[in-house]
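The values are calculated or read from the model by the stated rules, or taken from the named source; none is laboratory data. Keep in mind it's a predicted model, so treat the numbers as computed, not measured. Don't worry about glycine lacking a Cβ; one is built from the backbone with ideal geometry, like all the others, and counts go over all protein chains shown. Side chains are part of the model used for accessible areas, which takes the heavy atoms of the whole protein and leaves out ligands, DNA and RNA. Shrake-Rupley method; radii C 1.70, N 1.55, O 1.52, S 1.80 Å.
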Amino acid sequence: MNDQFPQLIETVDDAPSTKNHFPIVAQLGVLAFVLTGIFGTLYVVGDNSQQPTVTQTPPPPIIEIKQQTLPPQKIEDVELRATAAYVWDVTGQRALYNKNASEPLPLASITKLMTTLLAHELIADNEAAVVSLNAIRQEGSSGLFAGEELEIKDLQELALISSSNDAAYALAASVGNLLGDNDPTNQFIAGMNIRAAELGLETLEFKSTTGLDISETEPGATGSARDVTFLMEYIITHYPDLIAPTKQAETLVYNTAGAYHEAHNTNEIVLDVPNLLGSKTGYTDLAGGNLTIAFDAGLNRPIIITVLGSTRDERFTDVLTLVKAVQESVGVQ
């Protein structure tokens, strides 16, 4: 376990290269508008002494715009159990905290963020999927049964809220059938890796749809805390409705026959994080305890926190420690 002090990083070049900056044309337009307002009030007086004297109209008073909320400051002096951690200010596009954030580590069920994202992008939410026997055989039964039919959106909810391996496998197998004639699950996994590359998340590597360890030495997926954070950023900014169900402590998910399953959130601090936007847990023997969350620090300022390589319980206290540090940095009590 790496207990070294976190390394603070520069606020530039943290975001992927695809991030947009404020357009220079817009800046020039604002400047031209201000100059026009000032010089438009002035009259040019000629040399003819018969011209009446024209009094210049004073420019309008300068209005001072005060920022309502100061940007979060960088976080220092926090103690975490996690091997790696990353705190990202989405609005400011800068890192507030970095501890081994570039190191690829086992992801466990955080993998299901990519599983549900790819399914959401490839197939309609109201399409029905049949749960196969292979799905039921996944570790950690969530109460689904072979032959049961659920809509894609309901499998996504089960995979994200209760971290159902059955649901994630069924979801991937159903969508994988659309990708070709080979093994549907393997085709879906290939699609997950292609999508990660398209998003510029170079450390993400998927070998399963669930994140379960493949063996005692081989994890089902790996990636850095930074790339997990940017994956969460992509989801909350492009598909917030996909991750929104994870704000609930529990819910009921219905199959197409009208029967329901109870889904209990694996995020034990779901009700303790203010203005939660979404979250995903992960835990295996190889990964330890993982957790990524997004929350609003105030006045529409999303913050994403990711911890990897903690313990089953301390992943929650690690995240709460960082949430408190962010709150203190913006003066939120």
Quiz prompt | Scope segment 158-175; condition more than 24 Å from Ile236 (Cα to Cα) and open to solvent by 10 Å² or more (accessible area, probe 1.4 Å); matching residues | solution = Ala173, Ser174
Exercise. Among the residues of segment 206-251, write down those that are small (Gly, Ala, Ser) and closer than 23 Å to Glu139 by Cα.
Key: Ser208, Gly211, Ser215, Gly220, Ala221, Gly223, Ala249
Exercise. Collect the residues in segment 80-115 that are out of contact with any strand residue (DSSP E or B) (no Cβ under 6 Å at 6 or more places or on another chain) and in a loop (DSSP other than H, G, I, E, B), keeping them in residue-number order.
Key: Leu80, Thr91, Gly92, Gln93, Ser102
Self-check item: Hits in segment 181-209 - residues which are polar (S, T, N, Q) and either under 18 Å from the mean Cα position of the chain (by Cα) or at positive phi (or both)
Solution: Asn193, Thr203
Quiz item: From the residues in segment 133-152 that are assigned to a helix (DSSP H, G or I) and under 17 Å from Gly220 (Cβ atoms), which one is farthest from the chain's Cα centre (by Cα)?
Solution: Asn134
Quiz prompt | Residues (farther than 20 Å from Pro104 by Cβ, buried (at least 17 other Cβ atoms within 10 Å of the Cβ) and either free of Cβ contacts under 8 Å to residues at least 40 places away in the same chain or in contact with a Leu (Cβ under 7 Å, 6 or more places away or on another chain) (or both)) located in segment 297-318 | solution = Pro302, Phe316
Quiz item: Does segment 136-145 include one or more residues that are of a type in the set (Phe, Trp, Tyr) and more than 21 Å from Thr203 (Cα to Cα)?
Solution: yes
Quiz prompt | Residue ID - surrounded by the most Cβ atoms within 10 Å (Cβ to Cβ), chosen from residues in segment 229-244 that are under 12 Å from Ser279 (Cβ atoms) and in contact (Cβ under 8 Å) with a residue 60 or more places away in the chain | solution = Met232
Quiz item: Got a sec? Which of Leu118, Leu178, Leu155 is of a type in the set (A, V, I, L, M, F, W, C), surrounded by fewer than 23 Cβ atoms within 10 Å (Cβ to Cβ) and either in a helix (DSSP H, G or I) or touching a Lys or Arg at 6+ places or on another chain (Cβ under 9 Å) (or both)?
Solution: Leu178
